[in-house]
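One structure, as structure tokens, below. Some questions next.
What follows is calculated from the coordinates using simple rules that are stated; it is not laboratory data. In this text, all values refer to a predicted model and were calculated from it rather than measured experimentally. Virtual Cβ from ideal backbone geometry, glycine too; neighbours counted across all protein chains shown.
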Amino acid sequence: MASRAVWKGQLRLSLVSIPVEIHSATQSGARVSFRQIHGPSGKRVRYEKVVPGVGPVDSSEILKGYETGGDEYILLEPEEIDEIKLETKKTLELVQFVGACEISPLWYDRPYYVVPTDDLAEDAYRVVRDALRKADKVGLGQLVMRGREYLCALRPCGDGLLLETLHYADEIRKADPLFSGIEDDPADEELLAVATQLIDRKTAPFEAASFEDRYDKALRELIDAKTKSKKTRRVATGDSGESKPAGGENVVDLMDALKKSLQSSGKGSKSSGKSTRPKAAAGDKPATKSSAKPAAKSRKQA
């Protein structure tokens, strides 16, 4: 499966701007994953966005609310949030450089690959990569991605550049409350010597491929054995990923579906040629002809 960029913009060093894309360096599908199944019925457990007294709601009707106290919230429209103008939405500017070993692992969050968008950008990209490598430095900057602004560290990685998001200072818990009870007395000299020898004996270059997820391996062996066994209990959930009405479901769900059907049919409609899509919620922008179908489809999937 081809990697999809999670951010596109400019990498800027002083007056030099380089068009780049950022791709996630990790993949979540590499390990065994499970679906939650209701044991007695054999049906998949689903999670719905539900409002008390209303029932399931569309994602398009959900706004962000900031609690001001006393169970009171200030509501923010999506358009208001999108209108926040920060240069870091499209530009990652390297504003400071630090030693490669100066940042503690405590601050690192997630890794991303940074690649030039075209051949023209590649020359300047290589200059930044080689300059960081020669200086043995890490570049620091900020960018907006997935609804928040991240502090980032940029370093050489093989033939390219690796970006790692960092935690902000207020996101790190102080260690003192946890470590304060540990005595600061020096360790026993003989025990320290033995421990040091053991460390020296087991010291070797880091090779990630020499380690494997043994729990994931054991899970796969268990699944393989149960797949081959005729005694293994099997269920057919009866769906292919889409929610389907089933007998015995909550009456609120049915009422919600009926109300939506009534609204979409158009009360007192005389012509069958008129649109049967539900009316847009307050604050929604009218869809254009080219975007009407995709928008309706995404709401249905949500």
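Just to confirm the filter: which chymotrypsin sites (Phe, Trp or Tyr not before Pro) across segment 1-92 are DSSP coil and have at most 13 other Cβ within 10 angstrom of their Cβ?
Hits after loop and neighbour filter: PHE34, TYR47.
Continuing with this model, one more query. Taking a point 7 angstrom from the Cα of LYS217 along the C-beta vector, which residues in segment 29-59 have backbone N less than 20 Å away?
Once the point is set 7 Å along Cα→Cβ of LYS217, 29-33 turn out to lie under 20 Å by backbone N, inside segment 29-59.
Right, something else. Please give me, ordered by residue number, the trypsin sites (Lys or Arg not before Pro) of segment 138-201 that lie in loop per DSSP and have at most 12 other Cβ atoms within 10 Å.
Numbers: sites: ARG146, ARG148, ARG173, LYS174, ARG201; in loops: ARG146, ARG173, LYS174.
Of the trypsin sites (Lys or Arg not before Pro), the ones in loops of segment 138-201 whose Cβ has at most 12 other Cβ atoms within 10 Å are ARG146, ARG173, LYS174.
Another question, if that's okay. Suppose every K and R has +1 on its Cβ and every D and E has -1 on its Cβ; what is the size of the dipole of segment 67-209 about the Cα centre, in Debye to the nearest 20? Intermediate values should be presented prior to the final figure.
Numbers: 16 positive and 32 negative charges, 153 e Å.
Dipole about the Cα centre, nearest 20: 740 debye.
Additional query: Quick check: the distance between the Cα centres of segment 19-62 and segment 128-154, to the nearest angstrom?
32
Enumerate the residues in segment 93-135 having an amide nitrogen under 17 Å from the point lying 7 Å beyond the Cα of LEU15 toward its Cβ.
94, 124
With r as the distance between the Cβ atoms of ALA208 and ASP119 and R0 = 41 Å, compute the FRET efficiency 1/(1 + (r/R0)^6) and round to 0.05.
My answer for the efficiency is 0.85.
Among ALA30, TYR73, SER17, flag the residue with its Cα farthest along the positive direction of the charge dipole of segment 1-105, charges on Cβ as +1 for Lys/Arg and -1 for Asp/Glu.
Farthest towards the positive pole: ALA30.
Next question. Can you sort GLU80, GLU189 by how many other beta carbons sit within 10 Å, fewest first?
Ordered by Cβ neighbours within 10 Å, fewest first: GLU189, GLU80.
Restricting to lysine pairs 8 or more places apart or on different chains, what number in segment 1-160 have Cα atoms under 26 Å apart?
11
Gain in length, GLU189 to LEU63, computed as 0.36 nm per residue apart minus the alpha-carbon separation, to one decimal in nm?
Details: separation 126, 0.36 × 126 = 45.36 nm, distance 6.17 nm.
Full extension of this stretch gives 39.2 nm more.
Amide H of ALA25 versus every other amide H placed in the peptide plane: which residues, excluding those fewer than 5 positions away on the same chain, fall under 5 Å?
Long-range HN contacts for ALA25: TYR112, TYR113.
Cα gyration tensor of segment 152-203, axes a ≥ b ≥ c as square roots of the eigenvalues: rounded (a/c below 1.5), prolate (a/b > b/c) or oblate?
oblate
Can you give the charge dipole size of segment 102-163 about its Cα centre, rounded to the nearest 20 debye, using +1 on the beta carbon of Lys and Arg and -1 on the beta carbon of Asp and Glu?
The calculated dipole for segment 102-163 is roughly 260 debye.
Okay, next question. Using DSSP to define loop residues, name the trypsin sites (Lys or Arg not before Pro) in segment 76-123 whose beta-carbon has at most 13 other beta-carbon atoms within 10 Å.
Taking segment 76-123 and a limit of 13 other Cβ atoms within 10 Å, the loop trypsin sites (Lys or Arg not before Pro) found are LYS85, LYS90.
Just report the Cα centroid separation between segment 171-230 and segment 65-124, whole Å.
So the separation of the two Cα centres works out to 32 Å.
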